[in-house]
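The values are calculated or read from the model by the stated rules, or taken from the named source; none is laboratory data. What you see is a predicted model; the values in this text were computed from it and never measured. Glycine gets a Cβ as well: all are built from the backbone with ideal geometry, and neighbour counts include every protein chain shown. Note: areas computed on protein heavy atoms with side chains; ligands, DNA, RNA excluded. Shrake-Rupley method; radii C 1.70, N 1.55, O 1.52, S 1.80 Å.
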Amino acid sequence: MLWNTILLALRAIRRNILRSFLTVLGIVIGVAAVITMVTIGRGATVQVQQQIASMGSNMLMLVPGKRLGPGQSSGSAPFKISDADAIAKEIGSIVAVAPVSSQSVMAIFGNQNWTTQVTGTNNQYLKVTNRSIRGGREFSDSELRSGAAVCIIGETVRKKLFGGQGGLEEKIRLQKLSCDVIGLLEAKGQSSMGMDQDDIVVIPLSAFQRRISGNQDVSMIQLSVKQDASTEKAQSDIRTLMRERRHLSASDDDNFNVMDMKEIAKMLTGTTQLLTALLSAVAAVSLLVGGIGIMNIMLVSVTERIREIGVRLAIGALEYDVLMQFLVEAVVLSSLGGLIGIALATAGSFFAARLMQVPYIFNPGINVLAFLFSAAIGIIFGFFPARRAARLDPIDALRHE
Amino acid sequence: MNTGRRLIEFKGVRKVYGKGTASMQALRGVDLAIDEGEFVAIMGPSGSGKSTSMNILGCLDTPTSGLYSFKGVDVGKLDRTQRALLRRYYQGFVFQGFNLLNRTSALENVELPLIYRGTQARQRREQALNALETVGLKGWESHTPGELSGGQQQRVAIARAIVTKPAVLLADEPTGNLDTARSREIMELLNTLNSTDGITIIMITHEPDMAAYAKRVIHFRDGLVETDKQNGRAD
């Protein structure tokens, strides 16, 4: 009997195919929007997590200045190389320490030039930032000590200066410094903040200080904590040590900041998740509007078909049959809308993911949920018009013009 | 074809619309008996009570007082659902305005009452095709009402009414919207259904010409039966 009712509903929908389509358009758009938002949001979150993992989740960053948020400082005194040495010596849970100074510099090779980030540091930097060398070699101890004019370049810089091939053992110029390319970095892609991590030239810190910045400052220290050691413990150890080295009294605030990548990761994924939830909520409102659209059209449909309902009641349809007919019609309509929406969302989020360069992750849960929700909308918003149809008096209905 | 078995009985049936001073007596105590196999035409001016009688006969309405028994069952004691079931299994309706479903093929229209009966798809199709053949519409199954003439539409409606092999066919001015030639065709068809298939027919009509096809003519006036003639030609 239910199957027959569905059959009747499908016939009724087919009889009014254009109107049926326009009716469910709200549901289609709502379902498609919610699923796309959730899918893209999920992809973005996963991407942020992957990028942070690639940066090394056990990384700490020591930056001068009060805590103002990532990348900002309030102009406190920079560090010295001796600070990095002290941390390496005194804190046991640290496996790698990289003092880092960097500056935007134009790199020149032949008639090609490209403004890039020149970073002065040591070999530990590669370990801390989870980078590896694709060709060539790291710095030697003597090169680091003497501040030799040698550099390791990122993939973007190599492409800009040398085109598709080569680069190794060439000489490039960074301001007044002419240096040999001794290594090529493995490509890392975009960072979670949207920065190109391959747009980099790494040179020995002493070379950077002498030939590029012209001072002995270290603008930040990046550290790697042992896998099984607690980052919280390392953080507080470093804090105590640095307070001592920077001669801060008990009443002074820190004039430096130890940042944990886990914190940054949490903050970033938190932001994406919040945005996803917000956008999905907005999209869900359109689902509600779609439901009201269905109720509206079902009411119109009942009014239009009063005579038909009269005929049905006269030839033996029960109140229940008519109720079910219109209810099933509403549910079939909204479910069809849900299905179309799912198809649209699958295609839409696939292309949007490509466009926004986030991974496309098919999420069966949200698809099933959206389908059930669209069916539920049919039941909720179809019930009132259906009951109205079922309660018609057959005599009045048959006389209705 | 009168088998002599009592199908319908009215005993002192009254129908009052409204309450108090504004009330209107549509039926003032009608006594009537119709046997299986009869072909009855009901006539009378508007307001005479013939439509009210038809609604009560079709279980769409109930008498205010008096007894209406259908196949020996007191219809006044049935609730809305039971009356709907009675219509479903024992009665067929034909309306003046045809009342077919638009944009729905003749076959699907005829199948409709069988769907409510829960008949299996194949059997349903077979019975609907038979009914269409009976009314002379073989080959028109896939046409929608919009593609059919008025006479053909009324034939589809008759097919829909007889497809369930009802005990009685109730026709409310079946020829009201048709020209004389089409009207005569429909009346011939009803006549055949009555004499060949033995279907009891009760029909309301304004036109004496159409009433002439019936075997019995009942005249209503002011909520009462005025005349009740067997085989009579109307005046």
Per-residue mean of other chain beta-carbon atoms within 10 angstrom of the beta-carbon, peptide A:386-398?
2
Between beta-carbons, use under 14 Å as the cut-off and find the net charge around residue B:81, counting Lys and Arg +1, Asp and Glu -1.
+3
Sorted by chain and number, the residues with a modelled amide H under 5 Å from that of residue A:96, at a separation of 5 or more or across chains, are A:224
Could you please put B:140, A:3 in sequence from largest to smallest accessible area, using a 1.4 Å probe?
A:3, B:140
Would you mind counting up the charge near residue A:190? Only other residues with Cβ under 11 Å from its Cβ, with Lys and Arg at +1 and Asp and Glu at -1.
-2
Ellipticity estimate at 222 nm from DSSP helix runs (n ≥ 4, -39,500 (n - 2.57)) divided over chain B, nearest 500:
-10500 deg cm²/dmol
Got a sec to turn the phi values of region B:133-139 into Karplus ³J(HN,Hα) couplings, 6.51 cos²θ - 1.76 cosθ + 1.60 with θ = phi - 60°, whole Hz, x for Gly and Pro?
5, 4, 8, x, 10, 4, x
Heavy-atom accessible area of region B:80-162 with neighbours in place, 1.4 angstrom probe: carbon+sulfur share in percent works out to 43
When you look at the Cβ of every residue in A:313-325, what mean number of other chain Cβ atoms sits within 10 Å?
6
Highest mean first, what order results for B:163-174, A:263-274, B:96-107, B:143-154 on Cβ atoms within 10 Å?
B:163-174, B:96-107, B:143-154, A:263-274
Listed residue pairs exceeding 18 Å between alpha carbons, taken from A:159/A:188; A:127/A:171; A:127/A:226; B:50/B:229
A:127/A:171
Apply the Karplus curve 6.51 cos²θ - 1.76 cosθ + 1.60, θ = phi - 60°, to the phi angles in region B:221-230 and return the couplings in whole Hz, x for Gly and Pro.
8, 6, x, 9, 6, 8, 9, 8, 10, 7
Among A:349-360, A:31-42, what's the highest-first ranking by average C-beta atoms within 10 angstrom per residue?
A:31-42, A:349-360
In the protein assembly as shown the DSSP beta bridges are antiparallel at a rate, in percent to nearest 5, of 70
Amide H partners (placed H, <5 Å) of residue A:199, local residues excluded
A:156
Interface B/A, total buried accessible area with a 1.4 Å probe, nearest 100 Å²?
2500
accessible surface per residue for the protein assembly as shown, probe 1.4 Å, DNA/RNA/ligands not counted, whole Å² -> 46
Considering only region B:114-235, what is the antiparallel percent among its DSSP beta bridges, to the nearest 5?
55
For residue B:44, enumerate residues with amide H under 5 Å from its amide H, sequence gap 5+ or separate chain, H modeled in the peptide plane.
B:220
What does the net charge come to around residue A:111 if you take all other residues with beta carbon closer than 15 Å to its beta carbon, with K and R at +1 and D and E at -1?
+2
In whole percent, how big is the carbon plus sulfur part of the accessible area of region A:95-224, probe 1.4 Å, protein atoms only?
46
As a check on your grasp of the helix formula, calculate [θ] at 222 nm for chain A: sum -39500 (n - 2.57) over DSSP H runs of n ≥ 4, divide by the residue count, round to the nearest 500.
-18500 deg cm²/dmol
Could you name every residue in region B:99-146 that has 50 Å² or more less accessible surface in the full protein assembly than in its own chain alone (probe 1.4 Å, ligands and nucleic acids excluded)?
B:99, B:101, B:103, B:108, B:115, B:116
Sequence ranges A:204-216, B:16-28, A:160-172, ranked by mean other-Cβ count within 10 angstrom, highest first
A:204-216, A:160-172, B:16-28
Mean per-residue count of partner chain Cβ within 10 Å for A:3-16 equals 3
Rounded to 5, percent antiparallel among DSSP beta bridges of chain B:
55
Listed residues B:85, B:57, B:224, most fluctuating in chain B (Gaussian network, C-alpha, under 10 Å)
B:85
